[in-house]
1. Per the helix-only calculation at 222 nm, which mean residue ellipticity applies to the chain, given -39500 (n - 2.57) for every DSSP H run of n ≥ 4 and division by its residues, nearest 500 deg cm²/dmol?
2. Restricting to Cα pairs below 8 Å that are 6+ residues apart, what does the relative contact order work out to for the chain? Please round to a whole percent.
3. Give me, ordered by chain and number, the residues 5 or more places off R57 or on other chains with an amide H under 5 Å from its own placed amide H.
4. Name the GluC sites (Glu not before Pro) in region 107-178 that are in a loop by DSSP and that have at most 13 other C-beta atoms within 10 Å, would you?
5. Where does each of M95, M180, M105 land when they are ranked from fewest to most other beta-carbon atoms within 10 angstrom?
6. Would you mind classifying region 4-279 by shape? Square roots of the alpha carbon gyration tensor eigenvalues, ordered a ≥ b ≥ c; an a/c under 1.5 is rounded, otherwise it is prolate if a/b is larger than b/c and oblate if not.
7. Could you estimate the translational diffusion coefficient of region 77-192 from the Stokes-Einstein equation, with Rh from the Kirkwood formula over C-alpha pairs, at 25 °C and 0.890 mPa s, in whole µm²/s?
8. Considering only DSSP beta bridges where both residues belong to the chain, give the percentage that are antiparallel (nearest 5).
Amino acid sequence: MNPIGVFASVDAGLGVSWDVIRQIGVPTIQLHAPHRGSRGRDAVARLIAQLAEFQVRLTAVFAGFDGESYADIPTVERTIGLVPKATRAERLQEMFEIADFADQMGCDAVGLHIGVVPHDRRDPDRAGIVEVTQKLCQYCQDHGQFLHLETGQETAEDLIAFISDVGYENLKINFDPANMILYGTGEPLEALRQVAPWVRSVHCKDGKWSDQPGVTWGQEVPLGQGDVNIRAYLETLHEIGYTGPLTIEREIPQDPERQLSEIGDAVRLLEELLQAIHAE
Ligand code: MG
């Protein structure tokens with residue numbers, strides 16, 4: 001059965017805080033890349049020792065950048081990932097550093113929201129985004145690593161077209177079903193079947209459709225309470241042969257206690273559903 005995991009943070013990002021990972025009792029985590037000052041040699045040694053003590057395996061490191069904002073959909077288009085031109089070069093440099101950090105942590109997967117790639121293949125901005133992604137894929141390839149694109153800001157068709165334009169074998173997908181709903185970019189389970197050959201990691205997150213999909217945000221809700229249909233999601237993952245970790249992501253950092261209790265509920269829900277599906 002797929003190992004369960006949580007999305008965690010040391011000092012940056014919206015994951016569960018590092019000091020409660022042990023309490024949650026899951027065998028894997030994905031980690032939001034720590035701030036630059038917390039990625040040094042000593043920090044790496046300490047994090048590796050703690051994960052060994054917790055008996056937790058790190059399965060992916062996700063990047064985030066200063067200046068990114070998920071305030072609303074237009075702000076996402078302006079600020080996220082490697083798409084904004086003004087910060088592209090410095091963020092690529094930081095991605096290399098984050099890939100190095102992941103490598104030192106013994107982790108072969110680096111993830112990010114690449115940003116909102118222009119849908120039209122003839123758009124003059126698209127070639128630069130493809131090119132920067134190729135540079136990053138090459139860097140990861142040189143270190144034996146995969147680059148995982150977080151889904152949601154584009155349809156499945158657009159994501160496949162982008163991956164094919166980049167043309168690197170180590171370019172994969174971190175599938176997040178809730179993002180497809182939050183951004184209004186398509187029915188997640190149908191999208192999952194389409195992108196199945198590239199899925200190398202997943203988030204377990206739930207959400208409700210906006211009444212104006214693609215214009216305003218949907219709402220992120222506790223796992224099992226949204227429109228994803230978590231049982232059908234796990235069945236679809238099973239059907240496409242995905243055996244990797246199921247990483248729970250719940251982004252309510254302003255309330256760590258609620259986040260912790262909801263993640264506990266999510267772990268139990270996934271365990272029950274996995275047992276039921278595998279018993280069939
Ligand atoms: Mg996600």
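Since every read-out is calculated from the coordinates, none of them should be taken as a lab result. A quick note: this is a predicted structure, and the numbers were derived from the prediction, not measured. Virtual Cβ from ideal backbone geometry, glycine too; neighbours counted across all protein chains shown.
1. On the way: 10 runs with 122 residues, N = 280.
The helix contribution divided over the chain gives -13500 deg cm²/dmol.
2. Values: 520 pairs, mean separation 49.1, N = 280.
Reported relative contact order: 18 percent.
3. Correct list: T28, I29.
4. Sites meeting the loop and neighbour criteria: E169.
5. Working: M95 24, M180 29, M105 16.
Going from sparsest to densest Cβ surroundings: M105, M95, M180.
6. Verdict is rounded for region 4-279.
7. Values: Rh = 14.4 Å.
The Stokes-Einstein estimate is 170 µm²/s.
8. Around 10 percent of the beta bridges assigned by DSSP in the chain are antiparallel ones.
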